[in-house]
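In what follows, a single structure is set out as structure tokens and then discussed.
The values are calculated or read from the model by the stated rules, or taken from the named source; none is laboratory data. A quick note: this is a predicted structure, and the numbers were derived from the prediction, not measured. Here the Cβ is made from the backbone with ideal geometry for all residues, glycine too, and neighbour counts use every protein chain on show. These accessible areas exclude ligands, DNA and RNA; they are computed on the full protein's heavy atoms, side chains included. Shrake-Rupley method; radii C 1.70, N 1.55, O 1.52, S 1.80 Å.
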Amino acid sequence: MIESDTICAISTPPGCGGIAVVRISGENAIGIAGRIWKGKALSDVRARTSTLGDIVDPATGDTTDTALAMVMHAPHSFTGEDTVEFSVHGSTWIQSEILRLLIDCGCRMAQPGEFTRRAFASGKMDLAQAEAVADVIASTSKESHRIAAQQMRGGISRRLGELRSQLLDLSALLELELDFSEEDVEFASRTRLLDIAHNVKKEVATLAASFSKGKAIKEGIPVAIVGNTNAGKSTLINALLEDDRAIVSDIPGTTRDTIEDTVRIDGMEFRLVDTAGIRTTDDTIEALGIERSLKALRQARIAIAVIDTTTHPDDTGQILRRVEQEKSDDTLIVVALNKCDSGTAAPHRLAAQSMTPNARIIELSALHGSGIDTLRQQLLELADRPALNDIVVNNARHYEALTLAMESITHVIDGLSADLSGVLIAEDLRQTLHHLGEITGDITTPEILSTIFSRFCIGK
């Protein structure tokens with residue numbers, strides 16, 4: 001990537017729309033944009049204000065479109081460079097024609113994520129903040145947007161900065177100990193050094209542990225709806241979605257594959273998976289569907305076990321026993337006692353309390369909608385929404401770096417506890433700093449940067 005090039009791209013979604021934004025950034029952005037601009041000279045336009053004019057072909061004088069131009073001067077722009085943005089009509093022809101004119105005048109097309117990469121390179125943001133830009137754009141719920149926006153504003157970066165500061169203090173004390181090892185001078189007791197290392201490990205462990213929650217919020221919390229055939233699973237997912245998404249039938253085994261859709265409850269997104277009824281069958285296709293149901297159960301953060309209260313309580317015990325056997329250790333269970341308007345809930349509740357003592361148990365009628373609001377509230381509670389000031393990790397790269405940092409700081413603690421040489425401990429300390437620095441971009445390689453920014457859209 002040649003950072004001195006002036007680049008251009010469409011920054012609005014591809015396709016036809018009411019307007020499109022063409023972004024130009026680089027040392028010659030104002031000059032190149034001015035060559036296709038007819039109106040007030042862009043060099044005279046007050047920063048961050050818009051002016052009306054025409055975009056013309058300098059070779060022919062033909063007008064391509066009437067547009068608004070906004071000028072931002074370095075370093076007061078997103079990229080930290082001179083930037084011009086044209087707001088034009090959203091015709092795909094107009095968009096492509098303006099890009100052609102800009103390229104003819106000396107621009108080149110931006111690579112994926114190049115605008116944000118230039119913002120990182122110019123110090124406008126660190127690497128964690130740059131990655132959060134993509135997460136903000138891709139957010140599909142209020143909560144996923146809040147976490148991404150918090151990171152874009154530097155939430156995790158500030159926390160990591162505090163940890164790095166503690167580690168640097170620890171490193172400095174060790175280095176002094178090494179420098180004056182022959183003088184028999186103690187600058188800090190091993191107990192104090194251990195306290196610092198334990199505190200860092202605790203903070204790193206907390207951040208790493210938040211990844212499970214952050215990933216689920218970012219992608220939508222997976223909720224598997226499981227149960228016997230004809231228990232009302234498809235009716236329940238339709239009630240939660242307020243739409244006829246799944247086929248409902250009295251014929252057992254109607255659902256033979258998983259059906260997935262999303263629902264937002266108070267800003268949280270849930271990925272609901274309607275599964276095939278779990279039972280013994282000789283039907284090959286249905287058996288495949290049941291296996292997929294069990295797979296969805298194993299991957300779910302929350303499982304809604306739908307119980308038909310018009311059947312024998314022994315059936316409830318059998319299905320809940322299977323759910324307990326197949327679910328992952330982290331899966332939370334809600335037992336939905338369905339058809340309570342025509343069945344008897346009490347014996348099924350006793351069976352559920354016996355088989356799944358930690359489960360939430362609610363009574364409802366999916367067909368008539370009673371109890372659905374209670375179920376939504378239970379899902380929200382089990383989702384465990386982060387507090388406003390909580391730092392939540394939602395990036396797999398960050399999680400990997402934190403895991404490696406935790407291994408390194410553990411070696412530091414072991415070394416201090418065993419009274420090892422400061423030389424050996426210092427190396428583990430440097431590794432801890434290295435891994436934390438990878439998150440914010442203090443430690444980077446061209447390969448890491450290329451991989452990260454290649455996932456961005458062209459205009460960002």
Listed values (i) 48, 28, 17; (ii) 49, 39, 16; (iii) 64, 29, 16, entry calculated as semi-axes √(5λ) of the Cα gyration tensor in Å: (ii)
Accessible area of the chain divided out per residue, in Å², using a probe of 1.4 angstrom: 47 Å²
Total charge dipole magnitude, the stretch 35-122, about the Cα centre, Cβ charges on Lys, Arg, Asp, Glu only, Debye to nearest 20: 280 debye
Cross-link pairs Lys142/Lys213; Lys213/Lys295; Lys202/Lys295; Lys201/Lys460; Lys218/Lys327; Lys233/Lys327 - those with Cα-Cα distance over 26 Å: Lys202/Lys295; Lys201/Lys460
Estimated distance in nm for a label pair at Ile103 and Ser189, the labels positioned 7 Å out from Cα along Cα-to-Cβ: 7.0 nm
Cα-based helix-to-principal-axis angle, 313-326 vs the chain, degrees rounded to 10: 40 degrees
Spin-label model distance (nm) - Asp419 vs Arg35, 7 Å beyond Cα toward Cβ: 7.4 nm
Helix axis angle, 372-383 relative to the chain longest principal axis, alpha carbon, degrees: 60 degrees
Cα-centre dipole for the chain with unit charges at Cβ (Lys and Arg positive, Asp and Glu negative), debye to 20: 1240 debye
Residues Ser328 and Leu176, FRET efficiency given R0 of 51 Å [Cβ-Cβ distance, rounded to 0.05]: 0.60
Probe 1.4 Å, all protein chains present, accessible-area order of Glu175, Glu81, Glu219, largest first: Glu219, Glu175, Glu81
Cα centre as origin, Lys/Arg/Asp/Glu Cβ charges: the stretch 1-151 dipole, Debye: 320 debye
Cα convex hull of the stretch 368-460 - mean projected area over all directions, nm²: 11.5 nm²
The chain: angle of helix 284-299 to the longest principal axis, Cα-based, in degrees nearest 10: 60 degrees
Integer Hz, Karplus 6.51/-1.76/1.60 couplings in order for the stretch 15-22, x for Gly and Pro: x, 8, x, x, 9, 9, 10, 9
Largest-first principal axis extents, alpha carbons of the stretch 288-392, Å: 47, 32, 26
The chain, helix-only ellipticity at 222 nm - DSSP H runs n ≥ 4, -39,500 (n - 2.57), divided by all residues, nearest 500: -15000 deg cm²/dmol
The stretch 11-92, relative contact order in percent, only Cα pairs under 8 angstrom and at least six apart counted: 38 percent
Distance between modelled label sites at Leu52 and Glu242, nm, 7 Å Cα→Cβ extension: 4.1 nm
For the stretch 1-78, average projected area of the Cα convex hull in nm²: 6.1 nm²
